[in-house]
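Worksheet: the structure to be examined is printed underneath.
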Amino acid sequence: SGIPTIAYVKERAWSAGALIALSCDKIYMAPGSSIGAAEPIPSTPKYISALHAEFVSLAQAHHRNPSIAAAMTDPDVVVPGLKAKGQILSLSANDAKKWHFIDGISDTEIGVLALAGIHQPRLRTAGATWGERIAQFVSDPIVSGFLLTIGFLGILIEMQTLHLIAGIIGIAALALFFGAHIVAGFSNWIVIAIFVLGLLALLFELHVLPGHGISGTVGILLILTSIVLAFGTVTVGLLETAMALVVAVVLFVLALRWLPESAFMRRFAFAGAQSVTEGYTAARPVIGLDGRDGVAQTYLRPAGVASIDGNRYQVQTDGEYIPAQTRIRVKRVEGAKIIVTRA
């Protein structure tokens, strides 16, 4: 951009801090500060080589000793009189100045600007915007894991019940997750496009052509892939996504078992008596249908209507999705409840 940049190291410029400092036109350090210690993690030859090359390139571009820059990332680099093999280099402010790796030492920012030839400056401090602060909070691994858990749980409940509220809550949580990671610089719009394609494929499976499984499987894989990529680091993405998915599945199973019988849900259930004199009649137990075959008249997901022996019955599966016009068989009868499976 042509605008000169100055790095001022007040305490430590280690790892990424050293990389940022080397990217600037000038480097100044406060007394007692240090710079270096940029060995990559994991410390594999691939990562060491990549970071080694980047540090050397930045040092050369700003007329600094490339060997010293390389020694901050690679334990095999030797700098005679300064660093032996097998160590990662860190420099104090005095050593960095002695080896001409920085431009000066100063106690204050005003002193730094004076050393750089800038007198009577008008300082303006740039802070994070409210959007950036929110993104920083949401992109925290703990908060991200919570949002992913809510997102996965909402999608699981939507797949089981086709209840739009659960799906909307899940998608909203995932949208907040992706938005924060874009603002924080971890993700991009390509990742969002992968997520949207996966979501459309999953919605197609649930609401347009349920039961065949192909679009649903593709949708789930695309969604999971986009979430992993959104973290910026595949290893971290896989770990965070796996943990959130496991927690969501556990909560989903607990919800299926506990929620229908909970005090909260019983408040919505009618607990009074319904007498015959008031016009109510109890459903008669279904007898003689065990093992009978029939045809699903509607999608069973898991409840629906089936035709058995020429009669229409309300039936349900044990959680299996069965498309309309599929042959079914009565698995068991529980009072007035008919449980079916594929024939």
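Each value in this text was obtained by applying a stated rule to the coordinates, not by laboratory testing. Quantities reported herein were computed from a predicted structural model and do not represent experimental measurements. When we count neighbours, we look across all protein chains shown, and the Cβ atoms used for this are built from the backbone with ideal geometry, even at glycine.
Using 0.36 nm times the number of residues separating Gln160 and Val236, minus their current alpha carbon distance, what extension gain do you get?
Details: separation 76, 0.36 × 76 = 27.36 nm, distance 2.93 nm.
Once the chain is fully extended between Gln160 and Val236, it gains 24.4 nm.
Identify the residues of the stretch 217-257 with backbone N under 18 Å of a label point that sits 7 angstrom from the Cα of Ser49 along the Cα-to-Cβ direction, or state none.
none
Take the Cβ-Cβ distance between Ala175 and Arg327 as r, set R0 to 30 Å, and report the resulting FRET efficiency rounded to the nearest 0.05. Numbers along the way, then the final one.
Numbers: r = 41 Å, r/R0 = 1.36.
Efficiency for this residue pair is about 0.15.
Does anyone have the angle between helix 141-161 and the longest principal axis of the chain? Alpha-carbon axes, 0 to 90°, nearest 10?
20 degrees
For the pair Lys10 and Glu320, what calculated FRET efficiency results from E = 1/(1 + (r/R0)^6), where r is the Cβ-Cβ distance and R0 = 51 Å, to the nearest 0.05? Write out the running numbers ahead of the final one.
Values: r = 63 Å, r/R0 = 1.24.
Efficiency, from the Cβ-Cβ distance: 0.20.
Need the full-extension length gain, Val208 to Trp130, defined as separation in residues times 0.36 nm minus the C-alpha distance. One decimal, nm.
On the way: separation 78, 0.36 × 78 = 28.08 nm, distance 4.05 nm.
Length gained, Val208 through Trp130: 24.0 nm.
Here are some values of Rg and Dmax of the Cα atoms in Å: [x] 18.9, 60; [y] 20.2, 64; [z] 31.9, 103. Which one was computed from this structure?
[z]
To the nearest 10 degrees, how steep is helix 214-230 against the longest Cα principal axis of the chain, on a 0 to 90 scale?
For helix 214-230, the angle is close to 20 degrees.
Can you pick out the pairs among Lys10/Lys46; Lys26/Lys98; Lys26/Lys85; Lys46/Lys98 whose Cα atoms lie more than 26 Å from each other?
On the way: Lys10/Lys46 32 Å; Lys26/Lys98 16 Å; Lys26/Lys85 28 Å; Lys46/Lys98 32 Å.
Checking Cα-Cα distances, Lys10/Lys46; Lys26/Lys85; Lys46/Lys98 exceed 26 Å.
Angle, helix 234-258 long axis vs. longest principal axis of the chain, Cα atoms, 0 to 90°, nearest 10?
30 degrees
For labels at Val305 and Asp25 in the simple 7 Å Cα→Cβ model, what's the distance in nm?
With each label point 7 Å from Cα toward Cβ, the separation is 7.8 nm.
Quick one: if the Förster radius is 51 Å, what FRET efficiency do Ser92 and Val246 give, using the C-beta to C-beta distance and rounding to 0.05? It would help to have the intermediate numbers written out before the result.
On the way: r = 46 Å, r/R0 = 0.91.
About 0.65, to the nearest 0.05.
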